[in-house]
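What follows is a set of notes on a single structure, which appears directly below.
The values are calculated or read from the model by the stated rules, or taken from the named source; none is laboratory data. Treat the numbers as computed from the prediction; the structure is a model and nothing was measured. Note: ideal-geometry Cβ built from the backbone for every residue, glycine included; neighbour counts use all protein chains shown.
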Amino acid sequence: MSARQLTVRFHGALNDFVAPERREQVFTHVLQGSPSVKDLIESLGPPHPEVDVVLVNGEPVGFGHRAEADTNLDVYPASIPVPLPELPRFILDVGLGRLSGFLRMLGFDTLWRNDYADDLLARLSHDESRVLLTRDLGVLKRSEVVQGYFPRATDSAHQLVEVVRRYGLTSRMRPFSRCLACNASLSTATPDEVQGRVPEGVAQRHSHFQQCPGCQRVFWPGTHHERMQNLVDTLRRLETTNP
């Protein structure tokens with residue numbers, strides 16, 4: 001009995017997950033059973049949240065479609081920027097702690113803890129409509145995950161550029177409006193209100209403060225703020241810069 005086969009081609013950024021000899025190539029795949037398109041695609045590398053369009057013999061199908069022999073499968077990534085709600089929300093895995101701080105600094109509601117289990121990450125992403133950012137493909141391939149991304153870079157600043165570009169976030173940034181530590185929205189405070197909660201002399205040198213109603217931290221525009229502002233300015237220039 002001859003093997004049951006179909007042809008597959010991955011397009012664009014999905015080739016980052018494909019074996020080198022199969023990138024941007026039509027290749028033959030031997031079917032085992034009758035897998036869903038989602039399971040077939042993920043068995044070959046790419047996670048489903050990074051897939052936008054699947055064509056079988058030129059016709060669009062959903063992830064639940066059953067793969068069949070003697071067909072042609074074309075798999076396309078999402079177009080950039082990927083559409084999100086006006087106020088997108090994120091959840092990040094344990095390895096992306098610095099990236100979570102950057103996203104909070106830009107004003108985005110971002111969940112991160114160093115003890116999130118994989119199933120909780122996937123469930124919160126689904127139940128709270130959060131974009132899951134992770135470099136763990138196993139988590140990203142969980143069926144509950146709808147929106148998600150695997151940052152290619154390992155450096156947090158470059159990861160931030162990737163995420164801002166992918167989701168077109170520059171126009172939705174609200175820098176310095178969220179607590180870097182606990183993710184709560186900040187409120188303004190007077191020097192008198194923060195007296196005794198900031199280093200000696202800071203209340204005399206600064207007139208603008210923000211405080212967190214959650215963890216009670218106080219923030220003011222020091223040298224760290226200046227470095228972060230430079231990063232914000234760089235990100236805003238991405239609107240007119242090609243990737």
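General observations
- Test for residue 79: is it in a loop (DSSP other than H, G, I, E, B), more than 29 Å from residue 168 (Cα to Cα) and modelled with pLDDT under 95: no
- Check on residue 97, surrounded by fewer than 16 Cβ atoms within 10 Å (Cβ to Cβ), under 18 Å from the mean Cα position of the chain (by Cα) and not in a strand (DSSP E or B): yes
- Boolean, residue 177 is within 23 Å of the chain's Cα centre (by Cα), within 30 Å of residue 41 (Cα to Cα) and either surrounded by fewer than 20 Cβ atoms within 10 Å (Cβ to Cβ) or not basic (Lys, Arg) (or both): no
- Residue within the stretch 31-41 that is in a loop (DSSP other than H, G, I, E, B), touching a Leu at 6+ places or on another chain (Cβ under 8 Å) and not hydrophobic (A, V, I, L, M, F, W, C) present: no
- Selected residue (criterion: farthest from residue 44 (Cα to Cα)) from residues of the stretch 61-70 that are surrounded by fewer than 17 Cβ atoms within 10 Å (Cβ to Cβ) and in contact (Cβ under 8 Å) with a residue 40 or more places away in the chain: 70
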